[in-house]
Amino acid sequence: MQSGRQLSTSIDATVPTAARMYDHYLGGKDNYAADRAACEELDKVVPSTRALALNNRRFLQRVVRTLAQEHGIRQFLDHGSGLPTQDNVHQVAQRVDPTTHVVYVDNDPMVLVHGRALLEEDKRTAVIHSDMRDSETIFSHPETQRLIDFSKPVAVLFNSVMHCIPDSETDGPSAVVRRVSERLVPGGFMVMCQLVSEDPEVRDFVTGFMDQATQGHWGRVREEKDVAGWFEGLDILEPGLVEVSTWRPDSEVAPRQLTQEWIEFGGVGRLR
């Protein structure tokens, strides 16, 4: 495992980032022309991406609410949290119990600036600047130590971020999942989903496009079987591993992912 990665503390408006592109798709204002241009190019091949981003955000909110209401989770560690938007993890969870603690992790300096401004008055929530692969840095960070008691169940979130991690035996998604889950007690949860496609042309195009657009800050679009491998040894909550708009929808008329050139695929696993 590598630790102490060199993180940029400056914001380069000319190079798109996944966090700012996601913000644009969600209708946010914390993005630049380069991010919007990258989204326009991406939409030419995968036009369902905006709907996918919105459905993914709703999935996150349903998962957090479910874990807080039905499983009593009061601690959340959100990897690759992205820019603050409406109904963030702490807001959803603290509606169930205002004493819930949340730690957000992101390597984008813009997330750090906006997140800390949002959370300045919330002493139960923090944002830390770290690469989500640096488990040692994240778990030993003073803010994590202040807010998270790892002797009690924790929900760890990797929501739509694994596709940003390249394959590697020591730093790839499987290695990160293993390192994190080993630090959690039974009754904790791993929430994981990422962009997948069963079409090799879509996988190759998007992976190449995003890698070039973000100047190497990208992993790859994977297949459903890759995601399923991360859940080995976990008890998967119903309805299993699915396209995320179908994970416990709030109603029968809730928005569904209608186009299938790529989907957000994953679920929720409980540690035994």
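Bear in mind these aren't lab numbers, they're just calculated from the coordinates by the rules spelled out. Being a predicted model, the structure only gives us computed values, none of them experimental. With ideal geometry, Cβ positions are generated from the backbone for all residues, glycine too; neighbour counts draw on all protein chains shown.
The table below lists the values:
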{"quantity": "Residues VAL46, VAL185, VAL111, sorted so that the one with the fewest Cβ neighbours within 10 Å comes first", "calculated": "VAL185, VAL46, VAL111"}
{"quantity": "Estimated FRET transfer efficiency (ASP211, LYS29; beta-carbon r; R0 25 Å; 0.05)", "calculated": "0.40"}
{"quantity": "Under 29 Å from the Cα of LYS152 - lysines, other chains or at least 8 residues apart", "calculated": "LYS123"}
{"quantity": "SER48-SER151 pseudo-label distance in nm [points 7 Å out on the Cα-to-Cβ vector]", "calculated": "4.7"}
{"quantity": "Taking all pairs of distinct alpha-carbon atoms in the stretch 4-126, Kirkwood radius in angstrom", "calculated": "15.5"}
{"quantity": "Potential extension, ASP122-GLU223 segment - 0.36 nm per residue separation minus Cα distance", "calculated": "32.5 nm"}
{"quantity": "Net charge, LEU83 excluded, C-beta distance under 15 Å - Lys, Arg +1, Asp, Glu -1", "calculated": "-2"}
{"quantity": "Cβ-derived FRET efficiency at R0 22 Å, PHE139 paired with THR170, nearest 0.05", "calculated": "0.85"}
{"quantity": "Residue-span extension gain [GLU70 to GLU198] - 0.36 nm each, minus C-alpha spacing", "calculated": "42.7 nm"}
{"quantity": "For the chain, calculated [θ]222 nm from helices alone, where every DSSP H run of n ≥ 4 adds -39500 (n - 2.57)", "calculated": "-11000 deg cm²/dmol"}
{"quantity": "Rel. contact order, % - alpha carbon contacts under 8 angstrom, at least six apart, the stretch 171-253", "calculated": "27"}
{"quantity": "Candidates GLY233, GLY219, GLY188: whichever shows maximal mean-square fluctuation once the chain is modelled as a Gaussian network with Cα springs under 10 Å", "calculated": "GLY233"}
{"quantity": "Ranked CYS164, CYS39, criterion: other C-beta atoms within 10 Å, fewest first", "calculated": "CYS39, CYS164"}
{"quantity": "Under the Debye formula (equal points on every Cα, no solvent term), log10 I(q)/I(0) of the chain at q = 0.13 Å⁻¹", "calculated": "-0.82"}
